[in-house]
Each structure stands twice: as C-alpha cells, then as structure tokens.
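The values are calculated or read from the model by the stated rules, or taken from the named source; none is laboratory data. These numbers come from a predicted model, not from an experiment. For neighbour counting, all protein chains shown are included, and Cβ atoms are generated from backbone atoms with ideal geometry for every residue, glycine included.
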Amino acid sequence: AIGTLMYRLSTEASLVQGLTALSLGIMVQMLSSLVSGLAIAYSSCWYLALLISGMVPLIAGGAALQLRLVSGFDAETRTQYSSAGSIAEEAIDNHRVLAAIGAE
C-alpha cells in the first residue's frame with residue numbers, strides 16, 4: 001500500500017544515513033580507544049593487562065547479544081509502524097472520497 005511505502009521511504013533513508021555516518025565514527029573511536037588503552041595498560045602493568053585482555057571477548061559477546069536483541073525489537077516496531085501508516089493512509093483516502101461525495 002502507499003502508506004507502507006511512504007513510511008518505509010521516510011524511515012529507511014534516515015536509517016541508512018545514520019548507519020553509515022554515525023556508526024562508522026563510533027566504531028573508529030571505540031577501536032582506537034581499545035588499542036590505545038591496551039597499549040598503555042601493557043606498558044604499565046603487563047600481567048594485569050593480560051588478565052583484562054582475556055575479558056574482551058566476553059564483553060564483545062555481551063555487546064553482540066544486546067545488538068541482536070535491540071535489532072529484533074527494531075524490526076518488529078518497523079513492521080507495526082508500517083501497518084499503522086497503511087491504515088492511516090487508507091483512512092485519509094476514504095475521508096477524501098466521502099468529502100468528494102458530499103460536495104456533489
């Protein structure tokens with residue numbers, strides 16, 4: 001339906017723009033912070049840094065799980081908003097038809 005298409009066009013463009021610009025910058029910042037933090041840690045106290053380095057996969061796994069859950073909720077929300085946009089578009093269309101019939 002047209003309402004679904006209009007909703008998807010309005011939201012998908014902002015999602016793509018946000019994904020490419022914001023996420024890329026955040027990933028570069030996080031990676032540089034991790035590398036510089038580990039470099040400082042290894043130069044200061046290598047055995048404690050080695051212990052902390054063992055925890056990085058656990059932290060990354062938790063972040064991946066959180067990302068999967070959030071993206072699942074986002075997909076469900078997108079579907080519901082798409083359906084709502086379609087219903088609203090149909091209601092506006094019907095209102096125009098009724099107004100045109102009443103004007104005759």
Q: Look at the range 74-88 and say how many of its residues are of a type in the set (D, E, K, R) and either surrounded by 13 or more Cβ atoms within 10 Å (Cβ to Cβ) or in contact with a strand residue (DSSP E or B) (Cβ under 7 Å, 6 or more places away or on another chain) (or both).
A: 1
Q. Can we say residue 53 is more than 20 Å from the chain's Cα centre (by Cα) and modelled with pLDDT of 90 or more?
A. no
Q) Just checking, which of 71, 86 is touching a residue at least 40 places away in the same chain (Cβ under 8 Å) and closer than 30 Å to residue 8 by Cα? A) 86
